[in-house]
Amino acid sequence: MKLKINKIKSNVSNPRIIKEPKFKKLVQSIKDFPEMLELRPIVIDENNLILGGNMRYKACIEAGLKEVPVKIAKGLTVEQKQEFIVKDNVGFGEWDWNILANEWDNVKLGEWGMDVWQPEQEVDYSVLDDIDLGNTLEDKTDSVLRSIQIEFKPEHYEEAFELINQARKDGHDVGLITLNAFKK
C-alpha cells in the first residue's frame, strides 16, 4: 500500500538518530534504488505514526517523494509499539568482515551507507572539523586510536568478548596487553 507522504506522522519519540553524512547516503540510496522501499516499507500504526522507518521517511521527503510504501501495524498496544520501535532499530547480527573484505567492493559498500575501510588518503577527516584539535590534524594522527581485528574460533568468542569488555571496564589498555602477550 502507498500513502501520501504528508499523511504520515514522524515519530518524535523515536530514539534512533542519523548523522548528516549517513543521512545524505540514505537519501542518495533512495534516489538510486527506490524499489527497495517496496521491499522494506515504512511501518505505521493506525494513526499513521511511524513505528519503523523514521529516518527513511525523512530521507524520502529530502529525496522529493510524494508517496511511499507503508505497512500498517494494527492492534498493537502502546507497549508493543514502543518495543517495536526499539527492536526494529537494534542490530542483532554482526558483519563477517573477512567475507566483506574478500568478496565485496568496499567503494560500493561505502556508497550504500556502510562504514567500511578506506585507504588512508581517502579518509574524510572533515568529520573532525568541529573538534578543537589545537594544532593541525597531522600533528595529532600519532595519538589516534587504531584497531586490529583478532579472530577467535566460535567456541572461544563469548569468553574473549567478556574478558575484553571487563578489561576495558577495569581501565586496562587491551591493545597493550595483547601486544605484550605476543612478545612473550
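List the lysines whose alpha-carbon lies under 29 Å from that of residue 184, not counting same-chain residues fewer than 8 positions away?
Excluding near neighbours in sequence, the set is 153, 169.
Given a Förster distance of 25 angstrom, what is the FRET efficiency for residue 79 paired with residue 12, based on the Cβ-Cβ distance and rounded to 0.05?
With R0 = 25 Å, the Cβ-Cβ based efficiency is 0.85.
Could you check the simple spin-label distance between residue 162 and residue 3, using points 7 Å along Cα→Cβ, in nm with one decimal?
Label at residue 162, label at residue 3, 4.4 nm between them.
If you filter segment 1-107 for trypsin sites (Lys or Arg not before Pro), then keep DSSP loop positions with at most 14 other Cβ within 10 Å, what is left?
The qualifying sites are 16, 19, 66, 74.
On average over all directions, what projected area in square nanometres does segment 2-89 have, based on the convex hull of its Cα atoms?
5.3 nm²
Mind running the shape call on segment 38-109? Use the C-alpha gyration tensor, a ≥ b ≥ c as the square roots of the eigenvalues: rounded below 1.5 for a/c, prolate if a/b tops b/c, oblate otherwise.
Here segment 38-109 falls in the oblate category.
Could you list the GluC sites (Glu not before Pro) in segment 6-72 that lie in coil according to DSSP, counting only those with at most 10 other Cβ atoms within 10 Å of their Cβ?
Numbers: sites: 35, 38, 46, 62, 67; in loops: 46.
Within segment 6-72, the qualifying GluC sites (Glu not before Pro) (loop, at most 10 other Cβ atoms within 10 Å) are 46.
FYI, it's all coordinate maths here, none of it is from the lab. Since we're looking at a predicted model, the values are computed, not measured. Cβ: placed from backbone, ideal geometry, glycine included. Neighbour counts: every protein chain shown.
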